[in-house]
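Chemist: After the structure tokens below, expect a handful of questions from me.
FYI, it's all coordinate maths here, none of it is from the lab. What you are looking at is a predicted structure, and each value in this text was computed from that prediction instead of being measured. No Cβ is skipped: glycine too gets one built from the backbone with ideal geometry, and neighbour counts run over all protein chains shown.
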Amino acid sequence: MLVMYRHFWQDSYDTNKCDALLTCGQWLDAPDPYHSVERLQNWQPAGCMMHEYNARDLGTCLKSRKAVFIGDSVTRQVFWAFARKLDIRERGEDKHSSISVDAHGLRVDFVWDPYLNTSSLHRELAAASLSGSRDGQVETAAILLIGGGLWNARHLGEASYQHFETSMDEITRALQQGTTLETSSSRSGQSSEGVDDLAVIAPIPVPQYDALSPARARTITPARVKPMFQHLQQLSVRQNVTVAWSFAHMTWRQNSAYDRDGLHLNEAVAGKMADVLLNARCNAVLRRSNAKGYPMDKTCCNRYPRPDRIQSVILILSSALLPALVLTTFRDAKRLDFLPPRNIARAVTVLALAVCYCYYADRTQLFNKAQKQYSSTEFAWLCTATLVLGALSICRSAPAPLRKDPGCPVQKGPDQPFLSRYQTDEWKGWMQCIILIYHYTGASRILWIYKIVRLLVASYIFMTGFGHTVFFRKRADYSLRRSAAVLVRLNMLSCLLPYVMKTDYLFYYFAPLISFWYLVIYLTMAVGHSRNRSRGFLTAKILISAMSTTAIIRVPGVFETIFRVLEKCFNIHWDVAEWRFRLQLDCYIVYAGILCGTCFVDFMDAPRVERPEDGVLDRLVRETAGLFRLLWLAMAAVILPLFYLFACRAPDKYAYNAWFPYISTAPILAYVIFRNISRHTRNIHSSIFAWMGRHSLETFTLQFHIWLAADTKGLLALGVSERVVGGRGGRRVDSAVLTMIFLWTCWHVAAATQTLTSWIIEPSETTQKVGLDDDGTGLEEGWPRLKSTEDASTIGRIVGGVGVGAMRSASRVKRHVAGSLKLRIGIILGVMWLLNLVSTPTLGYPSRSSGKFLTRSEQTYP
């Protein structure tokens, strides 16, 4: 409610954040004695995200138009910062002369006019006044920046203010004659090219007075500069003149923003001033030219696209009809038979409202969007605080159930098994916390942190291989029911969000990755599963599977063919290079998990009494268990330092990623050994981390839109606390509040998806439970079990024979659908196919083979 108040009342005049971009902001990396990063590189406008422009972006936006800069030496610095974005370097022209440069089909002009009274200025102003009715004969500037005033103070003495006032009044009258200069809140309105041209006055740069040379200090004084500055303030309020006040905020009390002379700016600050102009003029153009539709990371002076038909239907159903359905099912004791049970209606509504929250948070201007800023101190403090909380919640794990093994006269005690459910939940939990901190702080640019987080992602894949292998070996359940339950549970959010957010399935890469490896594990274990007790046969299957999967991933052709079929038949557009990159990074660690799970079932979980049928090897393993434990511990102690030394030698991400699939197994197995080395370490766990691990799938997926923002490129912000606390304090308050909401939402969505998965797989079971757990070792373990004591409801009273007949037909259809799992899965896939056909395709990211860009994963994620 506070966010809605701020958006619809306080910011109602600036719904597209144009005024915020041009008038205010702060440096996220301002000089600070507690942080050691390069300064004044990250300018944060109030409530929106800026885009750093390059030559390609300029070509898309300006389309052979020109940009004109008129004014003094400070304006010339902004001109050269603009030119550097076109790969033009500063030349040795006379500093007090006009300059014109051309590159990439664009022209950028600088007019030397420090007193703002030349004929060139008036020609540009006259052309700008005709831009609203442009007939093609007058060449106008797409971007016009006018700035000056310090020369008046330097050379005109006491008459400086009068001359400045006269010049500014003429400029104001000329601009107000045309239609170019609109109010900042409407700058994203339509014109002949889809967006209005931009004409902006730069405020007088207040110099660093104590750093001025003696000659300048005698004339450029606060007594002369301040009146001119105040006159611009009056013009911007009374005459509705657009002044880029953000330029003044960039230099206010920032000594490092100036060169040594105290008058001119450094290159970084001038570059951000140029970016402010480009974001105000070009963000809307680039958004329309974005073929794939996302990421929507240019949120300043931009209007989000209106929801299309599919989005509108989903949003209306989610925000209005489904809550009404819940009220109906709760109030009417004798509900209609075709309505779902109460717990199902509640679960559907929870999931739908969470999806609505994602849309309104990340696809509208309702919430503010903030840029990331990495700080080593902040990253260290967040990690330390998280680990301390996890350590404070360490408790003893509940005793494991006694084994009912008729062939074993001695039963197991309360000792937890190897990689128990508590351990894997805890493992996933603390890794997920670190990954969330990594994403939130923008630490992907830091190589050593990237290397660690890449290892954490591989650990998830290891647990997938281990957990599902143990399940298949112990229960031998290869049914469609089991596999459908796992895949539906994994992919429910990742398949629903693309239709609402206009992303694609592979964008939420974790669920597709785990689903792929689950299918690989299933096929590996299901083929000839009756002979899985033969170690030789099983080992041969695993080796064949590893070689086949590696060939499919690395050899071009297979995925290209599959993706072309998906594009032609289902209107699915995925980036094959991104998908292959993901699979290559972890193509072997899953088999380490499979082998580890196989050894666990065959040896470590075997009865600890001697049987007549035991072989020599089995007895030897039991008798030398202590020695093996010491050997494993010694090997683990050696592996970690070796891995550290090897990782330190990798100079960049490319070299590290090339070797990572071959070396990731060693440190993961070392951690497993240390975690299970004794009974004491096996039987304790952190309850906070275990809770986080049970909701890791939801936290990983929902963070994209309700914790991060702009499709992970930025951060979500409330925009309320900034007005009260301000600065970094406001960001911290926003972070705390949104983190609590984020975790609370993930908790309820996890319960809802669990309930819906059970209902989809077996709707006839009133308990709504399916066999999703895998002995506490797989990815989906520990999900909440929501029980339902619903009895079958009677058919309500319906007036009219037609109504009764329709109800009976609906009941027959419901019973038929409820009786066939294949039919239910077919209906779900059919609905998705239809939605794909009528939706606008979202294209993948540029191919890595083009040699121009990193994949999205290399840009943002490990």
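Chemist: Mind sorting 689, 643 by how few other Cβ atoms lie within 10 Å of their own Cβ, fewest first?
Modeler: 643, 689
Chemist: Right, here's the next one. Quick one: which of 812-820, 249-257 comes out on top by average Cβ neighbours within 10 Å, and what's the full order, highest first?
Modeler: Per-residue Cβ counts within 10 Å, averaged per peptide and sorted highest first, yield 249-257, 812-820.
Chemist: How much length is gained if the chain between residue 519 and residue 209 is pulled fully straight, taking 0.36 nm per residue apart and subtracting their Cα-Cα distance, in nm to one decimal?
Modeler: Gain on extension, residue 519 to residue 209, equals 104.7 nm.
Chemist: Just want the ordering: 87, 11, from fewest to most Cβ atoms lying within 10 Å of their own Cβ.
Modeler: 87, 11
Chemist: Still on this model: So what is the relative contact order for segment 195-296, in percent, with contacts set as C-alpha pairs under 8 Å and at least six apart? It would help to have the intermediate numbers written out before the result.
Modeler: On the way: 78 pairs, mean separation 37.8, N = 102.
It comes to 37 percent, rounded to a whole number.
Chemist: Report the local net charge at residue 170: Lys and Arg +1, Asp and Glu -1, summed over other residues whose C-beta lies under 15 Å from its C-beta. Don't jump to the answer; show the numbers that get you there.
Modeler: Numbers: positive: 123, 173; negative: 113, 124, 165, 169.
Around residue 170, the charge tally is -2.
Chemist: Need the full-extension length gain, residue 837 to residue 94, defined as separation in residues times 0.36 nm minus the C-alpha distance. One decimal, nm.
Modeler: 261.4 nm
Chemist: Net charge near residue 744: determine it from the other residues with C-beta under 15 Å of the C-beta of residue 744, scoring Lys and Arg +1 and Asp and Glu -1.
Modeler: Numbers: positive: 694; negative: 698.
Within the 15 Å Cβ shell, the charges total 0.
Chemist: Quote to one decimal, in nm, the extra length available between residue 10 and residue 732 on full extension: 0.36 nm per residue of separation minus the C-alpha distance between them.
Modeler: 257.8 nm
Chemist: Mind sorting 500, 555 by how few other Cβ atoms lie within 10 Å of their own Cβ, fewest first? Mind dumping the intermediate values first?
Modeler: On the way: 500 21, 555 9.
The order, fewest Cβ neighbours first, is 555, 500.
Chemist: When Lys and Arg each count +1 and Asp and Glu each count -1, what net charge do the other residues less than 12 Å away from residue 206, Cβ to Cβ, add up to?
Modeler: Working: positive: 224, 226, 253; negative: none.
Charge balance in the 12 Å sphere: +3.
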